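Asks: Here it is, the structure, as structure tokens.
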Amino acid sequence: MSFIAKSPWILHYDGSSCNGCDIETLACLTPVYDIERFGVINTGNPKHADILIVTGSVNHQNRDVLLNIYNQMPDPKAVIAVGICAITGGIFAECYNVLGGVDKVLPVDIYVPGCAARPEAIIDGIVKAIGILEMKHQNMRIKSKWRLRWPWKSELKFSY
Amino acid sequence: MGKQTIIPFGPQHPVLPEPLHLDLVLEDERIVDAIPSIGYVHRGLELLVSKKEYAEYVYVAERICGICSFMHGLGYCQAVEEIMEIQVPERALFLRTIWAELSRIHSHLMWFGLAADAFGLENLFMLSWRLRESVLDIIEETSGGRVIFGACKIGGVRRDISPETLRDMCQKLEKLKGHMDRLTGVFLNDRSVGYRLKGIGVLTREDAQRLGAVGPLLRASGVDMDMRRLGYAAYERLSFEPVTENDGDCYARCAVRARELYQSIDLIAQAVSMMPDGEVDTKVLGAPKGECFMRLEQPRGEVLYYVRADGTRYIERFRVRTPTFTNIPSMIHCLKGCDFSDVPNVILTIDPCISCIER
Amino acid sequence: MKIILGVILYIVAAPLVGGILAGIDRVLSAKLQSRVGPPLLQPFYDVLKLFEKRTMIVNRFQNAYAWCHVIFMAMTGAFFFEGGDILLAVFALTLAGIFLILGAYSSNSPYSYLGAERELVLMLAYEPMVILTMVGMYMVAQSFSFMEIAASQRPIILYLPGVFLGFLYILPMKLRKSPFDISSSHHAHQELVRGLTSDFSGSMLALIEIAHWYETTLLLGLVYLFFSFNPVVGVCAAFGTYFLGILVDNSYARLKWELAFTSAWGIALVLGGGNLAILYFIAGG
Amino acid sequence: MAMEKRIEIFILTVDELVSRTRSLHDEGYRLVQICCSKVDESGKAVLELDYTFDKHYNLYNIRISIEEGAEIPSISEIFGSAFVYENEIHDLYGVSIQGISIDYRGNFYKTAMPHPFTQD
């Protein structure tokens, strides 16, 4: 078991959601649901995050923002699409400005259905994403033959 | 004149979960200009009227915004009912009022949490959201949903609330009042919170009126304007006074919302005590023809719906002017001249709802 | 030989103590917020996970600065706990802080830039009080050596109550806690995202976190010095101070840098300076 | 206070818009919204702009009809908050409005297609 399973840090991006799934995602952090039990922190900073939670569909303007955020997240990382809008576009799929679900832009690992997705479902999605993160970490380890990424092995990957 | 820095604020930013983008021009830590740019949430749902039938469009209207979802549905339904001249049963009107006020409580409690988070008091954020959960429990118990509950439909409401549940609801809300005292007490009396809120982002009465502010933002500047006075739903028969404060700063906006929480609980108690018996919906036949403006008071302020129908099953034009949209000029005005560390406070005390702005 | 062993022991043990303290902090904060909270060892999981992650850097200087930050932080503690000169330790601590600021400056992100600026202001705010603390300890113990201060049987706290209170006041600035988590906070819910550490990721962030644990241990060590006449009281006071910090963290809003600066200088002047002046006159008279 | 029943709409020409708006402003009215809708008038597409004002909970509507692509004057000098609506109408309907106090020049909404609300 790798440590990534013990401390998945999330980053929440609101695509073009109606706020319903957003507030449910935030509600996961609060006392009744308290997702910090699993070591989850809402980082707010892509460079620190392991799991990207996207609510709402993708449109032409936030497409680049989403890609940018995803590219700034260091590997291993997972993407969760929360809510029906993030999965297919939902009720707004027919709108002219909506491209569709998040998977049009990013590889999505976990789909959490619902309108709005309930906090229990979101927590379940995050726990499932932990499994995927661990798998991705194993793949990285096979490639690099290192269990830990040693600090001096860092790469110049991102610049402004 | 110091060196100017431009800080991109959003669209992804931990303080504001929603994608508003602001370019803040800073001189050291002082904001000299703020340029908002929107469109990250723009879906164009006003055009969906040509694809969804008028009765089906209620679902879209509810998803304009997930926080005041019920009120958006209510506004749309009222506009269509107005055009079609439908008499909504009394009981349905009272139930609508109750759900609308529950939405207001849940929205304000959520706002208190986000505001606490903005000035770095994590503990208060957790407390407010914990109280909010008890309101959500009531909403779930009565309607089946937590944030988007689809209780409103053209001609009435979708389900009835039994008298026992109504009684329980009143008791729970009465109990909630005690917890709210603690919450609002911290907001209004704590010294460090007061330091972050008092005198910050002042909007004078004249500026508020000139810039078209609405809702708690306007009432905090001393203007008595509350669309509930129009008497839609059952408000005509309930007695209440709009809450106003005179300072126009972030603290006053907090105080307005704090007092509105109690007002809402009081309104619900009044509505429950006056609740008539009878049906909760009427049959709707035909299609709307005509046009209508409908205004409601949302947690964030006055919202206006314009519906124009031509007698087919599809509405011709639907427009919604949401409170946050008209509060943008006030927000820009307040941001200018304040500190960078005040930006989250000022933005949040406007209570922005970006998906409302852009629809 | 004994010193070398001691240094090695310190370098291994200090982050463990700091990490456990951070874990206690998170559990206690969660309890104060009526949540269950993470496991006690969560900070260690976090840091080990960060080592597992790929590290993205903006430029190579960043790595060097992060390394210097943690090395100097560890060295400071080593000076301090192995009986070195506390004045030297305090200057090395400042240097370690400067390296983090340089690291934040070296990335072009406006958030880390502003975070670095605020950290500099904070440094200006707390540094006078730290120096006054050192001077006060010298006046009481007639030595800058940690060993001699710790060994002195005089209850330093009785001579320096004002200095101690002033030191308590600046402690949240060094520990990055509310009300002074201005430049970088534990919870990234502020206008600067994570401020100073916004642009560090993966193992570099882990190093900064470890450096923070060293710093926590070191600062609690300074608190211990005030009560060193009785080791049990000293350890209790150090932990008590930390818990007080958690309590304050959970009950205050984040203040602004102007207030942090003026209040820290005011307190340094009144409490610290006043205390030293009284001490001087009593000693002189 | 009763609900607003049938709405009163005053139909004006483009030239009268600014002067009427100014007199409403002086009478203490507040700008509630500006709304644009596309209507077919005997086979020809016409844009109708509704300017809604409010005083003491009473709505006052001004409606002007223009052709697509026409130019109209801005009222943002009179009502400071008008600039958001005018930018919106410019971006979504392609109406060019002269002299908006804060003019985004088509960058307020960045949509997939220009002037989506005029497309069929």
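Asks: When the residues of the stretch D:89-120 are narrowed to those that are under 16 Å from residue B:36 (Cβ atoms) and within 8 Å of chain B (Cβ to nearest Cβ), which ends up surrounded by the fewest Cβ atoms within 10 Å (Cβ to Cβ)?
Replies: For the stretch D:89-120, the residue satisfying everything is D:107.
Asks: Give me the pairs: first residue in the stretch D:18-40 and of a type outside the set (A, V, I, L, M, F, W, C), second residue in a helix (DSSP H, G or I), beta-carbon distance under 7 Å, and six or more apart or on different chains, which are they?
Replies: From residues that are of a type outside the set (A, V, I, L, M, F, W, C), the pairs are D:30/B:209; D:33/D:85; D:38/D:117; D:38/D:118.
Asks: Looking at this structure, is residue B:224 assigned to a loop (DSSP other than H, G, I, E, B), open to solvent by 40 Å² or more (accessible area, probe 1.4 Å) and under 16 Å from residue B:298 (Cα atoms)?
Replies: Working: assigned to a loop (DSSP other than H, G, I, E, B): yes; open to solvent by 40 Å² or more (accessible area, probe 1.4 Å): yes; under 16 Å from residue B:298 (Cα atoms): yes.
When the stated conditions are applied, residue B:224 passes them.
Asks: Taking the criterion of being assigned to a loop (DSSP other than H, G, I, E, B), in contact with a Phe, Trp or Tyr (Cβ under 8 Å, 6 or more places away or on another chain) and either open to solvent by less than 10 Å² (accessible area, probe 1.4 Å) or under 29 Å from residue B:132 (Cβ atoms) (or both), would at least one residue in the stretch A:87-107 satisfy it?
Replies: yes
Asks: If a residue has to be farther than 22 Å from residue B:77 by Cβ and modelled with pLDDT under 85 to count, how many in the stretch B:130-162 make the cut?
Replies: So the count comes out to 0.
Asks: Looking at residue B:142 and the list (1) in a loop (DSSP other than H, G, I, E, B); (2) under 20 Å from residue B:68 (Cα atoms), which single condition is not satisfied?
Replies: (1)
Asks: Could you go through the stretch A:80-102 and let me know if any residue there is farther than 22 Å from residue D:112 by Cα and either within 14 Å of chain C (Cβ to nearest Cβ) or basic (Lys, Arg) (or both). Walk me through how you get there before you give the answer.
Replies: Here is the first cut: in the stretch A:80-102, the ones farther than 22 Å from residue D:112 by Cα are A:80-83.
Filter once more, so that each one left must be either within 14 Å of chain C (Cβ to nearest Cβ) or basic (Lys, Arg) (or both): none.
The answer is no, given that none of the residues of the stretch A:80-102 is farther than 22 Å from residue D:112 by Cα and either within 14 Å of chain C (Cβ to nearest Cβ) or basic (Lys, Arg) (or both).
Asks: Is it the case that residue B:161 is in contact with a Leu (Cβ under 9 Å, 6 or more places away or on another chain), under 30 Å from residue B:277 (Cβ atoms) and open to solvent by less than 50 Å² (accessible area, probe 1.4 Å)?
Replies: Values: in contact with a Leu (Cβ under 9 Å, 6 or more places away or on another chain): yes; under 30 Å from residue B:277 (Cβ atoms): yes; open to solvent by less than 50 Å² (accessible area, probe 1.4 Å): yes.
Judged against the criteria, residue B:161 is a match.
Asks: Hey, among B:337, B:311, B:301, which residue is open to solvent by 10 Å² or more (accessible area, probe 1.4 Å), on the phi > 0 side of the Ramachandran plot and touching a residue at least 60 places away in the same chain (Cβ under 8 Å)?
Replies: Working: B:311 fails: touching a residue at least 60 places away in the same chain (Cβ under 8 Å); B:301 fails: open to solvent by 10 Å² or more (accessible area, probe 1.4 Å).
Matching residue, one of B:337, B:311, B:301: B:337.
Asks: Continuing with the same structure: Give the residues of the stretch B:341-359 that are touching a Ser or Thr at 6+ places or on another chain (Cβ under 6 Å), surrounded by 24 or more Cβ atoms within 10 Å (Cβ to Cβ) and either assigned to a helix (DSSP H, G or I) or within 14 Å of chain D (Cβ to nearest Cβ) (or both), sorted by residue number. Steps first, answer last, please.
Replies: Our first condition is that a residue be touching a Ser or Thr at 6+ places or on another chain (Cβ under 6 Å); within the stretch B:341-359, this holds for B:352-353, B:356-357.
If we keep only those that are surrounded by 24 or more Cβ atoms within 10 Å (Cβ to Cβ) too, we end up with B:353, B:356-357.
Within the stretch B:341-359, B:356, B:357 meet the criteria.
Asks: Could you please let me know if residue A:29 is open to solvent by 10 Å² or more (accessible area, probe 1.4 Å), within 11 Å of chain B (Cβ to nearest Cβ), closer than 18 Å to residue A:129 by Cβ and not in a helix (DSSP H, G or I)? Steps first, please.
Replies: Working: open to solvent by 10 Å² or more (accessible area, probe 1.4 Å): yes; within 11 Å of chain B (Cβ to nearest Cβ): yes; closer than 18 Å to residue A:129 by Cβ: yes; not in a helix (DSSP H, G or I): yes.
Yes; evaluated as a whole, the condition is true for this residue.
Asks: What residue, of B:37, B:69, is open to solvent by 10 Å² or more (accessible area, probe 1.4 Å), within 22 Å of the chain's Cα centre (by Cα) and among the polar types (S, T, N, Q)?
Replies: Details: B:69 fails: open to solvent by 10 Å² or more (accessible area, probe 1.4 Å).
Being open to solvent by 10 Å² or more (accessible area, probe 1.4 Å), within 22 Å of the chain's Cα centre (by Cα) and among the polar types (S, T, N, Q) holds for just one of B:37, B:69, which is B:37.
Asks: Looking at (1) crowded, with 17+ Cβ neighbours inside 10 Å; (2) over 16 Å from residue D:18 (Cα atoms), can you tell me which one residue D:45 breaks?
Replies: The failed condition is (1).
Asks: Answer with yes or no whether residue A:116 is under 18 Å from residue A:22 (Cβ atoms) and away from every other protein chain (no Cβ under 14 Å).
Replies: Considered against the rule, which asks whether it is under 18 Å from residue A:22 (Cβ atoms) and away from every other protein chain (no Cβ under 14 Å), residue A:116 comes out as no.
Asks: OK, next. When you go through A:66, A:52 one by one, which is the residue that is under 16 Å from residue B:12 (Cα atoms), assigned to a helix (DSSP H, G or I) and not basic (Lys, Arg)?
Replies: Numbers: A:52 fails: assigned to a helix (DSSP H, G or I).
Of the residues listed, the single one that is under 16 Å from residue B:12 (Cα atoms), assigned to a helix (DSSP H, G or I) and not basic (Lys, Arg) is A:66.
Asks: Here's another thing I want to ask about it. Out of A:3, A:92, which single residue is aromatic (Phe, Trp, Tyr) and in contact (Cβ under 8 Å) with a residue 60 or more places away in the chain?
Replies: Details: A:3 fails: in contact (Cβ under 8 Å) with a residue 60 or more places away in the chain.
When all the criteria are applied, what remains is A:92.
Asks: For the stretch C:107-158, give me each residue that is among the polar types (S, T, N, Q), over 17 Å from residue C:170 (Cα atoms) and touching a residue at least 60 places away in the same chain (Cβ under 8 Å).
Replies: Restricting attention to the stretch C:107-158, the residues satisfying the condition of being among the polar types (S, T, N, Q) are C:107-109, C:112, C:133, C:142-143, C:145, C:152-153.
If we keep only those that are over 17 Å from residue C:170 (Cα atoms) too, we end up with C:107-109, C:112, C:142-143, C:145, C:152-153.
C:107, C:109, C:112, C:145, C:152, C:153 - these are the residues of the stretch C:107-158 that are among the polar types (S, T, N, Q), over 17 Å from residue C:170 (Cα atoms) and touching a residue at least 60 places away in the same chain (Cβ under 8 Å).
Asks: Please tell me if residue B:197 is open to solvent by less than 10 Å² (accessible area, probe 1.4 Å), within 9 Å of residue B:251 (Cα to Cα) and not charged (D, E, K, R).
Replies: Working: open to solvent by less than 10 Å² (accessible area, probe 1.4 Å): yes; within 9 Å of residue B:251 (Cα to Cα): yes; not charged (D, E, K, R): yes.
Considered against the rule, which asks whether it is open to solvent by less than 10 Å² (accessible area, probe 1.4 Å), within 9 Å of residue B:251 (Cα to Cα) and not charged (D, E, K, R), residue B:197 comes out as yes.
Asks: Please work out which residue is nearest to residue D:103 (Cα to Cα), limiting yourself to the stretch D:30-84 and to residues that are polar (S, T, N, Q) and within 12 Å of another protein chain (Cβ to nearest Cβ). Break it down stepwise before answering.
Replies: Within the stretch D:30-84, the first condition is being polar (S, T, N, Q), and the residues that meet it are D:33, D:37, D:42, D:52, D:58, D:61, D:65, D:74, D:76, D:81.
This time we only want the ones that are within 12 Å of another protein chain (Cβ to nearest Cβ), so: D:33, D:37, D:52, D:58, D:61, D:76, D:81.
Numbers: D:33: 18, D:37: 21, D:52: 21, D:58: 30, D:61: 25, D:76: 10, D:81: 12 Å.
Top of the filtered list is D:76.
Asks: Separate question: Quick check on the stretch B:333-340. Is at least one of its residues more than 11 Å from chain D (Cβ to nearest Cβ), of a type in the set (D, E, K, R) and within 30 Å of residue C:260 (Cβ to Cβ)?
Replies: Kept after step one, since they are more than 11 Å from chain D (Cβ to nearest Cβ), are these residues of the stretch B:333-340: B:334-340.
In the following step, the residues that additionally are of a type in the set (D, E, K, R) were identified as B:336, B:339.
Next, from what is left, pick out any that are within 30 Å of residue C:260 (Cβ to Cβ): B:336, B:339.
Within the stretch B:333-340 (the criterion being more than 11 Å from chain D (Cβ to nearest Cβ), of a type in the set (D, E, K, R) and within 30 Å of residue C:260 (Cβ to Cβ)), the answer is yes, since at least one residue qualifies.
The values are calculated or read from the model by the stated rules, or taken from the named source; none is laboratory data. Small disclaimer: the values here were computed from a predicted structure and weren't measured. No Cβ is skipped: glycine too gets one built from the backbone with ideal geometry, and neighbour counts run over all protein chains shown. With ligands, DNA and RNA removed, areas are computed over all heavy atoms of the protein, side chains included. Shrake-Rupley method; radii C 1.70, N 1.55, O 1.52, S 1.80 Å.
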